Structure formats: structure tokens, C-alpha cells
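All remarks here apply to the structure that follows.
The values are calculated or read from the model by the stated rules, or taken from the named source; none is laboratory data. Just so it is clear, the model here is predicted, and its values are computed rather than measured. Note that each Cβ is placed from the backbone with ideal geometry, even for glycine, and that neighbours are counted across all protein chains shown.
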Amino acid sequence: MSPDWQELQFKGPEALAAVAGQVIGMGPTLSPRVSVTYSRTMTETPTDSALMLRYKDGDVAAFETLYRRHNNSLYRYLLRCCRDRDAAEDVFQDVWGKIIKSRTNYRRTAKFTTFLYRVAHNCFIDHVRRNKRHLGKADTDPDQYASPSDEPDLAAEKRLARQRLDIALMALPNEQRDVFLLHEEAGLTLDNIALVTGVNRETAKSRLRYAMNKLKAAMSEPAQSLGNQS
Amino acid sequence: MNHDGENELPGTGSDPTVSAEYQAMANERTPADLDSAVLKEAEAAVRGSGLQGFTALWFRPLAFVASLALALALLLENTSTDTLLWTLDPETPTVVPSDNANTTTEAEKISSEFSEMIEASSKRMREQEAARDAIILNLNEPGAPQNFSSENFTLPPVPNRVTTNSPRSCTEELTVGPWAWWQCISDLDDAGRHDEASVEMEFFIKAYPDFPEL
């Protein structure tokens, strides 16, 4: 599977280096320092905070670069939090609207990703409070995962495992799913996850652990149990 | 939903197998129309509309120019008056001060005259202020007009319109001056003669509406 160069370019030098090593055939022998230097030599990618500060000064192109780095992961985070595509798109636009409005007061006090997902988390909470009556039904319908062929091969089995993972993810309690998604989509550390969600580090760690265990258990379940999870 | 009771479970927080499967599964991307909506909003925020955009664009340069102008003004204000005297008085010779001995002598003369003028003016102002302060702070004794006869500060005379059919209590103090009259009113009030004090106060206010104590 060829790497998504466009997305990698916006993700920064580290992500680029991780793939660059594989592409040029050196694989794991390429040390992290060399790969980062290689990527930095090739592309002087500014940090998220630098881009935001440039946008504060009126550089719209800097904002576009910043947006492209985070839009998909943020979208997936909100999609799985809200469990509804329309709601996710509304919240997504709210989040970026707040980021745009905050540009005049932006200061490099915290990592931009932490700031972004903190805003996203709060917007999601506001959305939940506003739409309490409409919560609940997940977009993912277990029945849509039609029963596989009678003789599942390895690819089919993998596909089923991912489907089970998806269903189990939707079935997680909100707090655990939130922590899991912040870990996977935003790449936040436990400390930053705690900061975003407003809990202490140990609570965040426990929620993540529980989420992982449940998802792992769901992935390992036999194929027949698909459709019974909801 | 409270899951704090499940905090006792041992083990690490993350699981690479689950992470890898999730990363392989999660491939959704933002719709193109959503991207363009956000980017348009970002651009609009920077460009602004009309005056707001103009203000945002020109605020820093204008602030910089204003700071420079202010610094220049302060610098000019604090420079020596010798270099500016020739522009002040049309009768002074229009010669720019230089190292020439003759022009230096004339410049010194002009400078000293100017300094004397400033000093005389300052002295007059100080005298006026002192007189005013003395009047405000002075608690006159009846029969001691003191500074009210100063040429720099005159009080209006007791107007003829201050007549009434009500009996007056401060008739003597009226003629002495406002401070005496004020003291009389205060004495009446302290003595419990509030009605009389009120009558006198009414006339006092009409006579001296700008009295400091009011």
C-alpha cells in the first residue's frame, strides 16, 4: 500500500521519515536520527505552533497547511465520538471556527494538538448537552456487516476482525472511547489526554487500558458472534 | 457513567495489536465541501470585512509610525531652546546658531532674555496659585477679610437682590464676606437653628454659587 504522501507531508518530518526509511530500502536499519535529519533536509516543515502564529499574522496558507495536517484525524475522532456523520460535521466546523477565532489571542503555551483536541472535546460535550434527546443510535449497524463467505480466508477474517473492532468501539462507554480515540487519532500522551478530558493521569490510563482490553477481546471473538454485539 | 471502579486492572495502557488494526480500519477523510467551508472561513477571518479588515491590516504599521512620531516629538521637546529661538520671535535676527563667535554672543543674549521672560511668567503664575490656595484653605474669622481684598481675586459684592421678608440671622456677616457668612450659617446649624440656617443658606447659594465649600 503506497503511502499517502500528501497526508504525510502535512504530518511533519517524523511521519515522513518513518516512511522514507522504508521507501529507500533501508528499512529498520535507518536510525531515527538519520531519518529525521534526512527528512528535515528535504523539507523544512514548520511546527504546528509556528504555523498558527503565522496564521495569526495573516498567512492563510499557513492555516491551510495546519488544517491539512489535522483535518482527517480530527474528523475521524468526532465521527466516532458523535456516532453520527451530520453531527460530526457540525461539531467539526464548530471546532475549526473556534480555532480560527482564537488566532488573535493564540500563544505558544501548549502543544497545538492538545489545544485542538481540547477544543474538540469541549465542543463534543456541548453538542451532547444540546442534543441529549437525540443521542444514542450509532451509525454503525451490525447487520450491515453481512455474513462472510462460507469459507473465510485470511483476508476475510481480517475484515471481520476490523468490523468487530468497529462495533466494539461504538459500544464502548463514552469516556473510554474518547480516551482511545485521543490516543489513536491525536497521538496524545496520557498526560495530554488527561489534560484534554479533565481527569488525572491514572484515570486516563485506566480508561485507555479498559478500552484496549475490550477491543482486543472483541477482535478475538469468533466470527459467529458478529451481529450479537451492540 | 462512572468507571472509576475499574481502575484496579493491571497492565499497560495501550495495545499495539488493537492500535494497528484501528489504524488500518480508520481511513475516513473529511468531505471536500467541509474542507472548503473551513478554509473559506479562515480566509474571511483574516481578510475581514471593510473597516475591520483595513484596521487589522494597517494597525501595526500605524502603531509603529505613531510610536516613532511620539518619540520624535519628545526628543524635540527636550532639545535645547538655543536652536529654536530664531523661529520664535520675528524680530530676532534670522541666523542659524553656529560656531561663529558673533552669532554665539547674540544667541546667548536672546537666550537670556527668553529665560527672563519665562521666569517672570512663572513667578506670576506661582503668586496667583498661592493666592488662590490661601483663599480656599483660609478659615476667616469674622471681621478679617484678609485675602479677599487681593487684587488677584475678587469676590462679587453682596447683591442687592438678597432681600426677604423672613427675619435674617446673619446680617452683619453678610457685609464682611462670604467666609464669615458661611461661618454664621454653620454656627446656626450647630445651635439647632436649622430653619434660620436654611434661609441663610438659600441666600448664600444665590449670592455665591461658585463658593468652594459648596
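Observations on the model:
- Of the numbered criteria (1) loosely packed, with under 15 Cβ neighbours inside 10 Å; (2) assigned to a helix (DSSP H, G or I); (3) of a type outside the set (A, V, I, L, M), the one A:R68 fails is (1).
- Flag if A:Y55 is in a helix (DSSP H, G or I), modelled with pLDDT under 90, of a type outside the set (G, A, S) and over 15 Å from the mean Cα position of the chain (by Cα): no
- Considering the conditions (1) loosely packed, with under 15 Cβ neighbours inside 10 Å; (2) basic (K, R); (3) modelled with pLDDT of 90 or more, A:R33 is excluded by exactly one of them, (3).
- Options B:N165, B:N160, B:N140, B:N152: the member that is within 19 Å of B:E213 (Cβ to Cβ), in a loop (DSSP other than H, G, I, E, B) and at pLDDT below 60: B:N140
- Of everything listed in (1) within 12 Å of chain B (Cβ to nearest Cβ); (2) part of a helix (DSSP H, G or I), the single unmet condition for A:L195 is (1).
- Residue check for A:L226: modelled with pLDDT under 90 and either within 11 Å of chain B (Cβ to nearest Cβ) or touching a Leu at 6+ places or on another chain (Cβ under 8 Å) (or both): yes
- Of the residues making up the stretch B:1-22, those that are at pLDDT 70 or above and either more than 7 Å from every other protein chain (Cβ to nearest Cβ) or touching a Phe, Trp or Tyr at 6+ places or on another chain (Cβ under 7 Å) (or both) number 2.
- Residue among A:N192, A:N200 that is surrounded by 20 or more Cβ atoms within 10 Å (Cβ to Cβ), among the polar types (S, T, N, Q) and at pLDDT 90 or above: A:N192
- Inclusion of A:L78 among residues that are more than 11 Å from every other protein chain (Cβ to nearest Cβ) and in a helix (DSSP H, G or I) is not warranted.
- When the stretch A:58-73 is filtered for residues that are of a type in the set (D, E, K, R) and either more than 20 Å from the chain's Cα centre (by Cα) or more than 9 Å from chain B (Cβ to nearest Cβ) (or both), the ones remaining, listed by number, are A:D59, A:R69.
- Some residue of the stretch B:34-45 being assigned to a helix (DSSP H, G or I) and at pLDDT below 65: no
- Answer from B:K123, B:K109 - the residue that is modelled with pLDDT of 75 or more and under 27 Å from the mean Cα position of the chain (by Cα): B:K123
- Within the stretch B:182-212, considering residues that are farther than 10 Å from B:C170 by Cα and of a type in the set (G, A, S), the one surrounded by the most Cβ atoms within 10 Å (Cβ to Cβ): B:A207
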